[in-house]
């Protein structure tokens, strides 16, 4: 995934490979939402994008137990519960990004689609 800074500069953080063995590289972009209140300015909160399409959100919930600190959700695409999860929690931002990317790939496979660069 890529993480975008407030100044719109985007830097690559990680990439996820498709599970079909095709070697296609999927890059998702994280951009700060700017939704945090000034008192919560240190809490991380991102929208997740594929190109210009907003897929969902990943944010830090500071009051949560450490193993549930990061919440992720995929919005706007639907498939049955046996296909993918639409939300989840992780201990770290990296864990949340990995779970998000894994479930996005499951949806793409179910829909018969693939990422385009």
Report task. Return yes when residue 108 is more than 17 Å from residue 43 (Cβ to Cβ) and part of a helix (DSSP H, G or I) and no when it is not. Result -> yes
**Report entry** Checklist (1) assigned to a helix (DSSP H, G or I); (2) without any contact (Cβ under 8 Å) to a residue 40 or more places away in the chain applied to residue 102, failing item
**Finding:** (2)
**Report entry** Subset of the stretch 96-105 that is over 15 Å from residue 45 (Cα atoms) and within 10 Å of the chain's Cα centre (by Cα) - its residue that is surrounded by the fewest Cβ atoms within 10 Å (Cβ to Cβ)
**Finding:** 102
Query - Positions within the stretch 36-71 being under 16 Å from residue 103 (Cβ atoms) and touching a helix residue (DSSP H, G or I) at 6+ places or on another chain (Cβ under 8 Å), in sequence order - result: 48, 50, 55, 56, 58, 70, 71
**Report entry** Residue selected from the stretch 72-83 under the condition in contact with a helix residue (DSSP H, G or I) (Cβ under 7 Å, 6 or more places away or on another chain) and closer than 18 Å to residue 49 by Cα, by the criterion modelled with the lowest pLDDT
**Finding:** 77
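The values are calculated or read from the model by the stated rules, or taken from the named source; none is laboratory data. Remember, predicted model here, so these are calculated numbers, not experimental data. Here the Cβ is made from the backbone with ideal geometry for all residues, glycine too, and neighbour counts use every protein chain on show.
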